[in-house]
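In what follows, a structure is listed as structure tokens, so that the remarks can point back to it.
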Amino acid sequence: MSLHAQQFFTEHLALPFADSSIVGGTYYATPLPSSPLRLRIDFSRTIVADEYGGLRLAVIHPDKGELDAVALSFTEHGTFAHRDAARNTQPGQIGYGIIRVFKDRPDWVPWQGAHVANLRAAIEQYTAVWFPGAWKTTPPVRSRSRTARNVPTAPAGASATRTR
């Protein structure tokens, strides 16, 4: 099973927690260093083998176990709306709003084309309840690029050169 979880959580979702680790397809984090609470994020399975319909977030206490959990559906957060529209896949059809893992294709990235802004916002909202202040929002770093400027053009008129 290759969910490419490392890439999904650290690069695509870009979760901000420095004290985190990914084991298999599960993301573990300690959002607040002084707190005993931990965050666990798994891919949420559907009833079909090797098929996932969202993410499951859970708050874990070392002594008391799981304190709270929430499922975030890819469909509800529009994660694959663009992909599904391009494929003309409608709600209720096979493959709508889910990802699949193909065991015979380890190079296949199942979440390719995912738009995670709404999903990431939901994760931020959930973690703000249990880990206030842990999510440090900073504006995205933009690389310097060329700026457009107006360049004067030669006036249109008769040319001394011959063109065809």
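The values are calculated or read from the model by the stated rules, or taken from the named source; none is laboratory data. Just so we're clear, the structure is a prediction, and the values are computed from it rather than from any experiment. So basically every Cβ, Gly included, is an ideal-geometry build from the backbone, and we count neighbours across all protein chains shown. Only protein heavy atoms, including side chains, enter the accessible area calculation; ligands, DNA and RNA are left aside. Shrake-Rupley method; radii C 1.70, N 1.55, O 1.52, S 1.80 Å.
For residue 82 and residue 22, calculate 0.36 nm times their separation in residues minus their Cα-Cα distance, and state this gained length in nm to one decimal.
Numbers: separation 60, 0.36 × 60 = 21.60 nm, distance 2.76 nm.
Contour length minus the Cα-Cα distance gives 18.8 nm.
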Considering the options 21, 34, 48, tell which one lies farthest towards the positive end of the dipole of segment 1-55, charges being +1 on Lys and Arg and -1 on Asp and Glu at the Cβ, about the Cα centre.
-> 34
In the neighborhood of residue 27, defined by Cβ-to-Cβ distances under 10 Å, what is the net charge if each Lys or Arg adds +1 and each Asp or Glu adds -1?
-> 0
Backbone HN-Hα couplings from phi across segment 27-42 [Karplus 6.51/-1.76/1.60, Hz, Gly and Pro as x] = 9, 10, 8, 10, x, 10, x, 7, 9, x, 6, 10, 10, 10, 10, 10
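Taking the Cβ of residue 44 as the center, what net charge do the other residues with Cβ under 11 Å away carry, scoring Lys and Arg +1 and Asp and Glu -1? Show your work: numbers first, answer last.
Values: positive: 45, 56; negative: 42, 51.
Charge balance near residue 44 sits at 0.
Net charge around residue 57, counting only other residues with Cβ within less than 13 Å of its Cβ (Lys, Arg = +1; Asp, Glu = -1)?
Values: positive: 38, 40, 56, 120; negative: 42, 66, 68, 124.
Net charge in that neighbourhood comes out at 0.
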Under 14 Å from a point 7 Å along the Cα-to-Cβ line of residue 136: which residues of segment 27-41 have their amide N that close?
-> 31-34
In Hz, Karplus ³J(HN,Hα) per residue of segment 111-123 (6.51, -1.76, 1.60; θ = phi - 60°; x = Gly, Pro) | 9, 4, x, 6, 9, 9, 4, 5, 5, 5, 5, 5, 5
Once you treat every alpha carbon in segment 1-95 as an equal point and sum by Debye, what is log10 I(q)/I(0) at q = 0.12, 0.14, 0.20 Å⁻¹?
-> -0.45, -0.60, -1.08
Enumerate the calculated ³J(HN,Hα) couplings along segment 5-14 in order (Karplus 6.51 cos²θ - 1.76 cosθ + 1.60, θ = phi - 60°), each rounded to whole Hz, writing x wherever the residue is Gly or Pro.
-> 4, 4, 5, 4, 6, 8, 9, 7, 6, 6
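Put 47, 41 in order of accessible area, largest first, 1.4 Å probe: what do you get? Before the final figure, lay out each step's value.
Values: 47 175, 41 0 Å².
Largest to smallest exposure gives the sequence 47, 41.
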